[in-house]
């Protein structure tokens with residue numbers, strides 16, 4: 001396992017070809033003033049829609065553009081949940097083999113509800129806002145994923161996403 005080098009700030013975004021470690025990002029996100037760390041990992045599965053026996057994925061992006069958009073996502077998460085401790089979003093690029101991790105989101109907060117909500121928002125926003133293209137590879141062939149969607153701004157996801165952290169008023 002390759003250790004992922006940490007930063008001294010409470011926010012850490014990265015797009016790179018190196019293996020991702022959920023354990024390393026969870027350890028990095030752990031803070032003395034936070035009682036919750038939520039880590040989400042998206043891994044390569046062997047199927048999508050009509051395809052089976054997928055062996056790997058290849059991700060392509062502009063690293064600078066993707067990381068800039070990821071920083072916007074983190075800023076919006078901090079705006080919604082000001083008590084967050086650390087927020088990390090890391091995404092692989094290049095070839096990612098079956099069962100390997102393609103994306104990791106790690107969020108710490110004093111309380112679990114905010115950590116869960118912020119992590120959910122971050123991964124939903126990554127899927128909808130970060131310009132990332134995915135090629136599915138199988139024995140004897142490959143194709144660009146048909147799961148494509150219009151790339152939204154972070155504000156558009158915030159306004160329209162059912163999992164954007166907006167809570168319905170509770171009735172007693």
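Points to keep in mind about this one:
- Output for region 5-47, where each listed residue is under 30 Å from residue 144 (Cα atoms), in contact (Cβ under 8 Å) with a residue 12 or more places away in the chain and not in a loop (DSSP other than H, G, I, E, B): 12, 13, 14, 15, 16, 22, 25, 39, 40, 41, 42, 43
- With respect to (1) out of contact with any strand residue (DSSP E or B) (no Cβ under 8 Å at 6 or more places or on another chain); (2) at pLDDT 95 or above; (3) on the phi > 0 side of the Ramachandran plot, the lone exception for residue 82 is condition (3).
- Filter result (surrounded by fewer than 21 Cβ atoms within 10 Å (Cβ to Cβ) and touching a strand residue (DSSP E or B) at 6+ places or on another chain (Cβ under 6 Å)) within region 112-136: 112, 116, 123, 133, 134, 135
- Candidate set: region 35-50, residues that are surrounded by fewer than 18 Cβ atoms within 10 Å (Cβ to Cβ) and out of contact with any helix residue (DSSP H, G or I) (no Cβ under 9 Å at 6 or more places or on another chain); chosen: the one modelled with the lowest pLDDT: 50
- Scanning region 51-68 for residues that are crowded, with 16+ Cβ neighbours inside 10 Å and either out of contact with any strand residue (DSSP E or B) (no Cβ under 9 Å at 6 or more places or on another chain) or at pLDDT below 95 (or both) yields a total of 1.
- Condition check for residue 171: modelled with pLDDT under 90 and in a loop (DSSP other than H, G, I, E, B): yes
- In region 51-84, the qualifying residues are those that are part of a loop (DSSP other than H, G, I, E, B) and out of contact with any helix residue (DSSP H, G or I) (no Cβ under 7 Å at 6 or more places or on another chain), and the one that is farthest from residue 33 (Cα to Cα) is 53.
Conditions tested, residue by residue: (1) in contact with a helix residue (DSSP H, G or I) (Cβ under 9 Å, 6 or more places away or on another chain); (2) under 23 Å from residue 20 (Cβ atoms); (3) assigned to a helix (DSSP H, G or I).
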{"residue": "99", "(1), (2), (3)": "no, yes, no"}
{"residue": "113", "(1), (2), (3)": "no, no, yes"}
{"residue": "118", "(1), (2), (3)": "yes, yes, yes"}
{"residue": "126", "(1), (2), (3)": "yes, yes, yes"}
{"residue": "134", "(1), (2), (3)": "no, yes, no"}
{"residue": "143", "(1), (2), (3)": "no, no, no"}
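- Test for residue 98: is it modelled with pLDDT of 95 or more, on the phi < 0 side of the Ramachandran plot and surrounded by 13 or more Cβ atoms within 10 Å (Cβ to Cβ): yes
- Residue in region 144-158 that is within 17 Å of the chain's Cα centre (by Cα) and at pLDDT 95 or above present: no
- Residues being touching a residue at least 40 places away in the same chain (Cβ under 8 Å), surrounded by fewer than 19 Cβ atoms within 10 Å (Cβ to Cβ) and under 17 Å from residue 11 (Cα atoms) - total across region 79-95: 1
The values are calculated or read from the model by the stated rules, or taken from the named source; none is laboratory data. None of the values given here were measured: they were computed from a predicted structure. Virtual Cβ from ideal backbone geometry, glycine too; neighbours counted across all protein chains shown.
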